[in-house]
Amino acid sequence: MSSGRRRHSLAYELFWKAAFVVSLIGVCWMLYAATQKIDYVWRWYRVPQYFVSERVIEVKSGIQGEVASIAPEGENVSVVVAGDGEEETHLVPAKGLRVGKGDAVYPGDVLGGEKKIVPGILIEGTWLTLYVSAVSIFFGIILGLFTGLSRLSDNPFLRWWSITYIELIRGSPLLVQIYIWYFVLGTLINNLLNKSDLPQIPTLWFGIASMAVFTGAYVAEIVRAGIQSIHRGQSEAARSLGMNAYQSMRHIVLPQAFRRILPPLAGQFISLIKDSSLLGIIAIRELTKATREVVTVSLQPFEIFFVCSLLYLLLTFGLSLLTNYLERKLVQS
Amino acid sequence: MIKAVNVSKIFYVPQRLLALSNVSAEISRGEVVVIIGPSGSGKSTFLRCLNRLEHADSGHIYVDGVDILAKKTDINSARAEMGMVFQSFNLFPHKTVLENVTIGQTVVRRRSRREAEDKAMALLTRVGLAAKAAAYPDNLSGGQQQRVAIARALAMDPKVMLFDEPTSALDPEMVGEVLEVMKSLAREGMTMVVVTHEMGFAREVADRVLFMDQGQILEEGTPEHFFKAPENERTKLFLSQIL
Ligand SMILES: Nc1ncnc2c1ncn2[C@@H]1O[C@H](COP(=O)(O)OP(=O)(O)OP(=O)(O)O)[C@@H](O)[C@H]1O
Ligand SMILES: [Mg+2]
């Protein structure tokens, strides 16, 4: 791009770069000033607790009696409480032990405990978003590759099914598709499973299915376009060496198509990460739903929503770094 | 070696067109046959029908006793016996020169990597490009690319070589190097079918020349016959235009 750009004097460059920085600060300041006008109190210090939180885990006695024995067991100690003809064994962290041998204990008495650092709601939400996206991308690629190839097949059965699938999925909003997966297909499948005494499928998997099937249709079109962009002479050369259709695809056409497919594919997957925010509506606690919950308890919506968008930026930016790296590797080989 | 009987081919797109109309020809082992004719006369189509890159609509084609058009013929193994060289080279741009020459051997002939590379290096040496083994096709001149394409086809140990205007896309100064390789092949007794406008090549190497026009073979004979005393009016017209 920069090759087509005019060269300007240093003063020109510096002036407009400074103007950019100043206006950026200005926009932020105006936003801040506006929040001051409505007496919004910024409390950034309340944010970290939603990333990591401390949880106190206590081991309590269930019966009345006395501590019969304390025996070390690795990092923990096993505490035996003996009562009136009954006995209980508890595993307590050695450092947090709060009773001694022979102590009398009553039900609910704390034998020991420890503080644990656990991930907060926002980290859990980010993790779930990442997980849902990764699994959906994986199945989306498989589905898209298969559908894209079927779309180009001579076989009308494969071709018509792939066209039907692609058009159906691309023709309706993802939100509606998530509802269909959850309320229609989910209800059907889980009721049928129930009737045959099989375990239910958790909501999460209907969410993942909706995302994977949605992405698959777009990946299919990207794959199709990528394959069609490879000149016919390539497969003709491969076939005249005696390769069959599969070998020609595998060794000659797909590797070349893959390089052209990678950038649009990355764009598709970045959309997918962002679209996964819709899964909150079927009670999957991904990042956006987690954020809304945090907003309700923290009462600091401004900070939390900004943090949420930054977390999404982190995920999408990570993905584009990864694809840039892949692209460079492919060009080298 | 090759026997084509009443081969016809119709294209329906963009409109109905009889590209080959009852073409019959016979090519014996070790023979070099050159096909000439005006643009659009069906030369490429005929050549591509021989290895079924185009599927003939009627007629019969036998190559080394194999009925190319029969349903039960394994066309992939039949094609492996026929080398094809294209006007636009069609080298695999994502593979090095060496890999271009080994890929068919390892995938189709199931040769070991070692064996395939030895064979590839021998062939690249033969076409004078051993030094370019590690290069990518895009970094080669047209003439070099076409020589690699010939090596790629030869690596399969074909019984016949089909050439479709192998020098038409080349700058004039590169035509010679490709023709040299083809001439040496001919001298070694390779069966060759060559579509070309290089009359010098035809005169020097061809055992027989076929003249095609409007989907038919109008005249055939030795090079001397063609260049001294062509009979057909259209042959005369064509030759007067290009010579
Ligand atoms: N795949 C195709 N679809 C439709 N028409 C085709 C196709 N291939 C060739 N034709 C038509 O068939 C006729 C014969 O084409 P062919 O390529 O065999 O001619 P040619 O003798 O090789 O010509 P040239 O010297 O230009 O290569 C032409 O009119 C061409 O337009
Ligand atoms: Mg042609």
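The values are calculated or read from the model by the stated rules, or taken from the named source; none is laboratory data. Everything numeric here is computed off the predicted structure, so don't read it as measured data. Glycine gets a Cβ as well: all are built from the backbone with ideal geometry, and neighbour counts include every protein chain shown.
When both residues are 6+ apart or on different chains and their Cβ atoms are under 9 Å apart, which pairs have a first residue that lies in region B:193-207 and is assigned to a helix (DSSP H, G or I), and a second that is among the hydroxyl-bearing types (Ser, Thr, Tyr)?
B:Phe201/B:Thr167; B:Ala202/B:Thr196
So which residues in region B:157-200 are within 16 Å of ligand 2 (Cβ to nearest atom) and on the phi > 0 side of the Ramachandran plot, if there are any at all?
Within region B:157-200, just B:Glu165 meets the criteria.
For region B:40-94: of the residues being of a type in the set (D, E, K, R) and touching a residue at least 12 places away in the same chain (Cβ under 8 Å), which is farthest from ligand 2 (Cβ to nearest atom)?
Selected residue: B:Asp64.
Which one of these is on the phi > 0 side of the Ramachandran plot and modelled with pLDDT under 95: A:Leu299, A:Leu330?
A:Leu299
How about region B:59-89: which of its residues are crowded, with 17+ Cβ neighbours inside 10 Å, outside any loop (DSSP other than H, G, I, E, B), more than 8 Å from chain A (Cβ to nearest Cβ) and in contact with a Ser or Thr (Cβ under 7 Å, 6 or more places away or on another chain)?
Result: B:Gly59, single match.
Would you confirm, using the coordinates I've provided, whether B:Ala155 is within 14 Å of chain A (Cβ to nearest Cβ) and either of a type outside the set (Ser, Thr, Tyr) or surrounded by 20 or more Cβ atoms within 10 Å (Cβ to Cβ) (or both)? Steps first, please.
Details: within 14 Å of chain A (Cβ to nearest Cβ): yes; either of a type outside the set (Ser, Thr, Tyr) or surrounded by 20 or more Cβ atoms within 10 Å (Cβ to Cβ) (or both): yes.
Here the answer is yes, as B:Ala155 does meet what is asked.
Restricting to region B:22-45, and then to whatever is over 10 Å from B:Ile217 (Cβ atoms) and of a type in the set (S, T, N, Q), can you tell me which residue is surrounded by the fewest Cβ atoms within 10 Å (Cβ to Cβ)?
Here the answer is B:Ser39.
Can you tell me which residue in region B:205-222 is farthest from ligand 2 (Cβ to nearest atom), limited to those that are in contact with a helix residue (DSSP H, G or I) (Cβ under 7 Å, 6 or more places away or on another chain) and under 18 Å from B:Glu165 (Cβ atoms)?
Within region B:205-222, the first condition is being in contact with a helix residue (DSSP H, G or I) (Cβ under 7 Å, 6 or more places away or on another chain), and the residues that meet it are B:205-206, B:209, B:211-213, B:218-219.
Subsequent filtering for residues that are under 18 Å from B:Glu165 (Cβ atoms) retains B:205-206, B:209, B:211-213.
Working: B:Val205: 20, B:Ala206: 18, B:Val209: 17, B:Phe211: 15, B:Met212: 10, B:Asp213: 13 Å.
Per the criteria, the residue is B:Val205.
Check off (1) away from ligand 2 (no atom under 12 Å from the Cβ); (2) away from every other protein chain (no Cβ under 14 Å); (3) under 21 Å from B:Thr191 (Cα atoms); (4) under 18 Å from the mean Cα position of the chain (by Cα) for B:Gly37 and give me the number that stays unchecked.
(1)
I need the full set of residues from region A:232-254 which are touching a Phe, Trp or Tyr at 6+ places or on another chain (Cβ under 9 Å) and either more than 7 Å from every other protein chain (Cβ to nearest Cβ) or modelled with pLDDT under 95 (or both), in order please.
Matches in region A:232-254: A:Ala238 only.
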